[in-house]
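Scroll down for the structure; my scribbles are underneath it.
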Amino acid sequence: MLFDRKLLIYNTILSLIFLLPFLLFTEFNEIVNHPGIYDSNVWYLNVLAGFLGFAINIVVFLQIKLTSPLTNNIAGQVKVLLKRRRRIARSSDLFGD
């Protein structure tokens, strides 16, 4: 159990290390100069998206831990198929954007 948590923490730290330079060298000026940077709704939605992304990460981590990576892959493929089926039923668009 302790090893699993360490792996999750190392993965998060490595993601931050590799993501921050990419952000600083490619998108930093656009973010700083964007007019929505001072809007509280933008910050609220970004923080909410961060928490939801973290929650999804934890759920996938637990799913793989309790089942197997193959089960996670199959669940992901079923999700894609169901989303595509719903999209086709709503708009008859097979490869929607």
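Okay, here's what the table says:
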read-out	value
Enumeration of residues in the stretch 1-34 that are under 23 Å from N72 (Cβ atoms) and not in a helix (DSSP H, G or I)	M1
Pairs with Cβ under 8 Å, 6+ apart, first in the stretch 35-57 and more than 21 Å from N72 (Cβ to Cβ) and part of a helix (DSSP H, G or I), second modelled with pLDDT under 90 and of a type in the set (G, A, S)	V42/G36
N73 being in the same structural domain as I13 (by TED's automatic domain parsing), polar (S, T, N, Q) and surrounded by 10 or more Cβ atoms within 10 Å (Cβ to Cβ)	no
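The values are calculated or read from the model by the stated rules, or taken from the named source; none is laboratory data. It should be emphasised that the depicted structure is a prediction, and the values quoted were computed from it without experimental measurement. Every residue, glycine as well, gets a Cβ built from its backbone with ideal geometry; the counts of neighbours run over all protein chains shown.
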